[in-house]
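Student: Here it is, the structure in full.
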Amino acid sequence: MSQPVSQRFPQVDDDHKELIPMITELEQSRDPGDIRKQVEALRPWLERHFEEEERPNGMFESIESVDPRHSQDLKGLIHEHRAMIEQVEQLAELAKAAESGQPLHQQLIDSVREFVHLVREHEIVENQLLVEAFYHEEGGGD
Ligand SMILES: [Fe+2]
């Protein structure tokens with residue numbers, strides 16, 4: 001009777017599946033030109049993804065309506081969305097500078113690693129909220 005929680009929001013679920021290989025590839029990249037291309041592609045992708053999560057009647061609003069106790073956590077996640085867009089823009093700038101021969105290569109690699117870490121942590125928290133909200137709604141199988 002109950003569908004897997006992740007499939008309540010199939011677009012978000014598909015996005016998350018697509019995001020994992022993208023950030024893994026980014027994490028493993030060492031060439032500034034290569035990194036720049038990836039982060040430039042990632043920026044509009046993330047913007048669209050975050051809009052999907054934040055849209056009216058979307059995943060975040062649904063979590064909040066099922067379990068208003070999560071409203072502060074959701075605000076925190078929305079704040080992180082903005083921060084991740086800023087970070088991805090900074091990464092593009094840093095990659096461009098590193099590409100033109102400035103000695104920023106290590107800084108770029110470290111910043112990429114930080115960004116990837118933030119994205120992964122973010123997705124974990126998001127997923128926990130989703131599961132908690134709907135597990136709660138379904139009565140936890142009682
Ligand atoms: Fe997400």
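Student: Out of all the residues in region 8-23, which are in a helix (DSSP H, G or I), in contact (Cβ under 8 Å) with a residue 40 or more places away in the chain and either within 11 Å of the ligand (Cβ to nearest atom) or under 18 Å from GLU121 (Cα atoms) (or both)?
Tutor: GLN11, VAL12, HIS16, LEU19, ILE23
Student: Another one. Which ones in region 27-67 are touching a residue at least 60 places away in the same chain (Cβ under 8 Å), in contact with a Phe, Trp or Tyr (Cβ under 9 Å, 6 or more places away or on another chain) and farther than 18 Å from LEU118 by Cα?
Tutor: Selection gives MET59, SER62, ILE63, VAL66, ASP67.
Student: Identify the residue in region 55-65 that is assigned to a helix (DSSP H, G or I) and surrounded by fewer than 16 Cβ atoms within 10 Å (Cβ to Cβ) and, among all such residues, is nearest to the ligand (Cβ to nearest atom).
Tutor: GLU61
Student: Please verify whether ARG120 is exposed (fewer than 14 other Cβ atoms within 10 Å of the Cβ) and touching a residue at least 60 places away in the same chain (Cβ under 8 Å), treating the condition exactly as stated.
Tutor: Judged against the criteria, ARG120 is not a match.
Student: When region 27-54 is examined, which residues are found to be away from the ligand (no atom under 16 Å from the Cβ) and either touching a Ser or Thr at 6+ places or on another chain (Cβ under 6 Å) or in a helix (DSSP H, G or I) (or both)?
Tutor: Result: GLU27, GLN28, PRO32, GLY33, ASP34, ILE35, ARG36, LYS37, GLN38, VAL39, GLU40, ALA41.
Student: Can you tell me which of ALA83, ALA95 is surrounded by 14 or more Cβ atoms within 10 Å (Cβ to Cβ) and either in a helix (DSSP H, G or I) or of a type outside the set (A, V, I, L, M, F, W, C) (or both)?
Tutor: After ruling out the rest, the residue left standing is ALA95.
Quick grid of which residues meet (1) surrounded by fewer than 16 Cβ atoms within 10 Å (Cβ to Cβ); (2) among the hydrophobic types (A, V, I, L, M, F, W, C):
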position: ASP34; (1), (2): yes, no
position: GLU53; (1), (2): no, no
position: VAL88; (1), (2): no, yes
position: LEU91; (1), (2): no, yes
position: GLU99; (1), (2): no, no
position: HIS105; (1), (2): no, no
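Student: Criterion first (under 13 Å from the mean Cα position of the chain (by Cα) and surrounded by 12 or more Cβ atoms within 10 Å (Cβ to Cβ)) does VAL5 satisfy it?
Tutor: No, not satisfied.
Values quoted throughout were computed directly from the atomic coordinates according to the rules given, and no laboratory measurement underlies them. All figures in this text were calculated on a predicted structure; none of them were measured in a lab. Every residue, glycine among them, receives a Cβ derived from its backbone with ideal geometry; neighbour counts consider all protein chains shown.
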